[in-house]
Amino acid sequence: MQSALSELGVTPPQSTLPLTAPEAPKGKKEDVSAYREILAADAKFLSAFVARWRERIASVTHARHRTMLNVVLGESLEYQRLFDQAAAGFEDVIGRRTGGVARVGAVLPDRWQE
């Protein structure tokens, strides 16, 4: 990635901003609307990112670098679509349950269960 960006004359910035997110709602029934603004902001950020870089990437002469950077843009657009759908209230953005089975479950307290 650094080689491809250096061909454009760009140095990747050092991240200095901490990631912030609101406190997650407590209880069994989460209010998914609490995340709508975050999801919409992320989708907007990704859209601006792709718009800012698309033309610059077209000028990259090294084919492998250009292809890799286009893959990054494509993945960014895919995440933008996912965030837009989630912000619109769709709960099945990465898969749909079959057979009308109700959604149940929770995050496990530990990564590894024996």
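No value in this document is a laboratory result; all are computed from the given coordinates. The structure presented is a predicted model; accordingly, all values stated were derived computationally and were not measured. Cβ coordinates were reconstructed from backbone atoms using ideal geometry, including for glycine residues, and neighbour counts include every protein chain displayed.
Placing unit charges on the Cβ atoms only, positive for Lys and Arg and negative for Asp and Glu, gives region 32-88 a dipole magnitude near 260 debye about its Cα centre. Taking other C-beta atoms within 10 Å as the exposure proxy, Ile38, Ile94 rank Ile94, Ile38 from fewest upward.
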